[in-house]
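A quick write-up on the structure given underneath.
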Amino acid sequence: MIGIIGASGAVGRHTAAALAAAGAGPLRLGARRPSAVPPGPWPEGSETVGVDASDPASLARFSDGCTLLVNCAGPSYLLKDTVALAGLAAGADVVDVMGDDPVHESLTGSGAVGPDRCVVLSAGTVPGLAGLVPLWLAGAGPENGPALRMTGYAGGLEHATESVAADIVLSLDTGGAGGERFGHPLAAWRHGRRAPGVLRVADSAQAPYFPHPVALQPLLTTEVERLAARMDLAEADWYNVLPGTQVRELLTALPTLPMDTAEQRDAVTGRIRRAAEVDAAGGVPYYRLVFSLSGRDWARTCVVHCDSSYRLTGAVAALAALDVLAGRIGKGLHYAAQAMDPQATVEALRANGDAEFAVHHHAAAPPVPGDAAEAVEDGEL
């Protein structure tokens with residue numbers, strides 16, 4: 001039995017559909033409101049069950065009898081390791097679409113992941129796929145020599161779920177390694193270490209392969225740091241891309257908003273969701289990841305394009321679950337970007353139609369922010 005927590009949500013319903021399409025199952029589809037779970041079709045023996053991801057007793061009942069538990073519920077920074085601990089106590093392996101450094105540190109410190117269990121964290125788009133595509137791109141050309149520099153961009157025009165909006169608010173205080181907030185604004189990777197304050201926010205910028213002017217917010221995360229160290233990069237930059245003016249303005253003001261009480265935090269969460277809805281109104285939803293790599297005498301860019309980051313995250317989570325079930329990921333505690341096979345993951349996402357992957361080869365350096373010639377309209381890829 002494969003248990004999916006959050007099966008009625010924007011990510012969970014895609015994870016469940018992808019697992020069903022792959023012939024995995026039976027599935028135990030869990031949600032606060034079981035009636036909100038899509039009708040399927042689901043594999044024979046599947047069931048829909050009510051579960052509260054914040055209640056250990058409810059999680060224990062749900063996890064009983066599962067061999068694998070996939071967590072698609074949030075907010076991640078509020079749940080932390082609650083779901084993983086319930087799955088492990090029931091004797092199940094665990095895949096979590098989020099579960100960043102705080103969950104990894106907690107599970108490591110407690111020793112909860114025994115030698116016969118497998119836990120895969122950050123099995124989504126960002127984090128997750130963002131740490132796999134550059135590894136795949138590094139081998140996607142005939143050029144010799146290692147990659148020396150990477151620039152990544154992620155963003156799009158789509159709605160914000162309640163869990164995503166809540167995690168944005170919570171990330172101001174948690175989500176990073178060692179009790180830090182999630183990511184380091186304006187920082188970049190330079191020659192083996194984090195370099196604070198070397199990048200700048202850019203408004204009305206032309207990000208490579210994005211269709212319209214956007215705001216660029218540099219943010220160095222531990223996933224980017226792990227990737228840069230693994231690839232032995234001299235330089236790595238990362239930008240969050242914000243196409244909509246309402247979300248840009250609100251996120252810029254976010255550190256100054258009152259959030260001392262739960263009511264105040266809930267109010268800000270609601271404002272984030274409304275801002276995203278206003279920005280997306282009348283537009284065509286899209287999401288993009290853009291990675292530019294360069295070596296001494298080569299440069300290329302991969303553009304990952306899809307209509308929904310939630311669908312893409314669900315697809316990656318399903319592939320991680322299939323990897324665990326097939327034994328392609330060994331026992332122990334892993335980040336998805338360090339455990340999944342980059343080429344197999346990209347090929348599966350392509351074959352299933354979850355995203356388009358377009359590779360562009362450059363004679364010289366890869367495109368940089370502000371190069372309008374590299375912009376493309378939706379539908380050109």
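The values are calculated or read from the model by the stated rules, or taken from the named source; none is laboratory data. Being a predicted model, the structure only gives us computed values, none of them experimental. Counting neighbours? That spans all protein chains shown, and the Cβs are built from the backbone with ideal geometry, glycine included. Keep in mind that these areas ignore ligands, DNA and RNA; they rest on the heavy atoms of the full protein, side chains included. Shrake-Rupley method; radii C 1.70, N 1.55, O 1.52, S 1.80 Å.
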- Can you spot a residue in region 222-231 that is assigned to a helix (DSSP H, G or I), of a type outside the set (Lys, Arg), surrounded by fewer than 22 Cβ atoms within 10 Å (Cβ to Cβ) and touching a Leu at 6+ places or on another chain (Cβ under 9 Å)? yes
- Pick from region 353-370 the residues that are exposed (fewer than 15 other Cβ atoms within 10 Å of the Cβ) and in contact with a Leu (Cβ under 9 Å, 6 or more places away or on another chain): which of them is farthest from residue 139 (Cα to Cα)? 356
- Query: Counting only residues that are open to solvent by less than 50 Å² (accessible area, probe 1.4 Å), of a type in the set (A, V, I, L, M, F, W, C) and within 23 Å of residue 235 (Cβ to Cβ), how many does region 160-185 have?
  - Reply: 1
- Message: Just to confirm my filter: which strands (runs of 3 or more DSSP E) fall fully inside region 254-341 and include at least 3 residues that are touching a strand residue (DSSP E or B) at 6+ places or on another chain (Cβ under 8 Å) and open to solvent by less than 10 Å² (accessible area, probe 1.4 Å)?
- Response: 286-294, 299-306
- Task: Looking only at region 38-57, decide whether some residue is farther than 27 Å from residue 307 by Cα, part of a helix (DSSP H, G or I), without any contact (Cβ under 8 Å) to a residue 40 or more places away in the chain and open to solvent by 10 Å² or more (accessible area, probe 1.4 Å).
- Result: yes
- Considering only region 282-323, state which residues are farther than 26 Å from residue 143 by Cα and over 18 Å from the mean Cα position of the chain (by Cα). 282, 283, 284
- Message: If I filter region 342-381 down to residues being part of a helix (DSSP H, G or I) and among the charged types (D, E, K, R), which single residue comes out as modelled with the lowest pLDDT?
- Response: 374
- Search result, residues across region 186-200 that are open to solvent by 90 Å² or more (accessible area, probe 1.4 Å) and free of Cβ contacts under 8 Å to residues at least 24 places away in the same chain: 193, 196, 200
- Task: Please enumerate the residues belonging to region 19-36 that are surrounded by 23 or more Cβ atoms within 10 Å (Cβ to Cβ) and either among the aliphatic types (A, V, I, L, M) or within 26 Å of residue 159 (Cβ to Cβ) (or both).
- Result: 19, 27, 29, 30, 31
- Item | Those residues of region 128-159 which are at pLDDT 90 or above, open to solvent by 10 Å² or more (accessible area, probe 1.4 Å), closer than 22 Å to residue 312 by Cα and part of a loop (DSSP other than H, G, I, E, B), in sequence order | 158, 159
